[in-house]
Amino acid sequence: MLIIAHRGASTLAPENTLKAFTLAFEQQSDGIEFDTYQHDDAIVVFHDKTLGRTTNGSGLLLQTPLAMLKQLDAGEGEVIPTLEEVLTTLPNGALCNIEVKHLRNAETWVKDVKQAVEDAQVNSNTLLISSFNHHWLAAISALWPQVAIGALTATYALDATHCARQLKAKSINIALDVVNADFVNKAKQAGLDVYVYTVDEPEDMLQLKLWGVTGIFTNVPNIAKQVLN
């Protein structure tokens with residue numbers, strides 16, 4: 001079962017920062033997951049719409065110029081990174097789950113992500129693009145059919161795999177609160193990988209491993225590594 005660091009090793013380092021991602025790989029994570037916004041000036045890695053929770057700034061992320069964002073303290077002296085900067089932290093072959101929190105233009109997004117991947121010398125086969133907005137995923141997939149799609153959900157729908165199959169997704173990324181063994185079996189029978197978020201308790205890690213899920217998103221990759229070993 002793969003261990004994916006949720007916003008990096010975000011319990012021990014500021015979330016969605018280069019420090020958190022670097023630490024995640026030092027702790028032998030199999031990959032990282034992070035949130036992105038299509039800002040006017042770049043694709044930025046950040047979770048909230050507003051700046052106040054995780055930086056010393058205030059106001060809306062998308063209404064703040066990139067130059068000003070780069071002056072903020074995102075915790076322990078870290079700055080808000082761009083997608084390309086995060087991709088440079090990836091070891092060869094590490095999984096990279098890019099969650100899309102804001103998409104303004106799919107064509108520009110695909111162009112910019114492909115450029116960032118090329119500049120960071122990352123293998124695009126290690127990418128997984130996820131979002132709760134499945135319209136955005138469909139638009140990205142239409143423009144970039146080779147990239148793997150992860151259908152994010154917080155529900156166990158009556159037709160458990162319908163949306164993922166419509167998207168020709170590689171995986172379903174589902175909330176811990178609603179996943180169960182039946183869901184995992186149905187998804188795997190449909191040929192889908194199953195990733196579960198956010199898994200920080202050892203008991204949950206062991207249960208999900210028993211059910212055969214593909215991987216977990218966790219804030220504590222160091223603990224997950226110990227438990228699963």
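The values are calculated or read from the model by the stated rules, or taken from the named source; none is laboratory data. Here the structure is a predicted model, which means the values were calculated and not measured. Here the Cβ is made from the backbone with ideal geometry for all residues, glycine too, and neighbour counts use every protein chain on show. The area values use the complete protein model at the heavy-atom level, side chains included, leaving out ligands, DNA and RNA. Shrake-Rupley method; radii C 1.70, N 1.55, O 1.52, S 1.80 Å.
Residues in the range 111-133 that are assigned to a helix (DSSP H, G or I) and within 21 Å of Leu62 (Cα to Cα): 4 in all. The set of residues in the range 173-199 being open to solvent by 50 Å² or more (accessible area, probe 1.4 Å), under 21 Å from the mean Cα position of the chain (by Cα) and touching a residue at least 24 places away in the same chain (Cβ under 8 Å) consists of Lys188 alone.
Screening Thr108 on (1) in contact (Cβ under 8 Å) with a residue 24 or more places away in the chain; (2) farther than 24 Å from Ile216 by Cα; (3) outside any helix (DSSP H, G or I); (4) not aromatic (Phe, Trp, Tyr) shows it passes everything except condition (3).
For the structure I just gave you, tell me whether Ala160 is part of a loop (DSSP other than H, G, I, E, B), closer than 20 Å to Gly215 by Cβ and among the hydrophobic types (A, V, I, L, M, F, W, C). Yes: the conditions hold for Ala160.
Within the range 84-103, if we keep just the residues that are polar (S, T, N, Q) and open to solvent by less than 60 Å² (accessible area, probe 1.4 Å), the residue that is farthest from Asp35 (Cα to Cα) turns out to be Thr89. Selection of first residues in the range 35-58 that are open to solvent by 20 Å² or more (accessible area, probe 1.4 Å) and of second residues that are among the hydroxyl-bearing types (Ser, Thr, Tyr), restricted to Cβ pairs under 6 Å at least 6 apart or on distinct chains, gives the following pairs, ordered by first then second residue: Ala42/Thr82; Gly52/Ser58.
All of Leu18, Leu62, Leu66 fail the test of being open to solvent by 30 Å² or more (accessible area, probe 1.4 Å), touching a residue at least 40 places away in the same chain (Cβ under 8 Å) and within 20 Å of Thr108 (Cβ to Cβ), apart from Leu62.
Could you please let me know if Gln71 is at pLDDT 95 or above and either assigned to a helix (DSSP H, G or I) or more than 29 Å from Leu23 (Cβ to Cβ) (or both)? It is false that Gln71 is at pLDDT 95 or above and either assigned to a helix (DSSP H, G or I) or more than 29 Å from Leu23 (Cβ to Cβ) (or both).
Residue selection: Lys170 fails the criterion of being more than 25 Å from Trp144 (Cβ to Cβ) and surrounded by 16 or more Cβ atoms within 10 Å (Cβ to Cβ).
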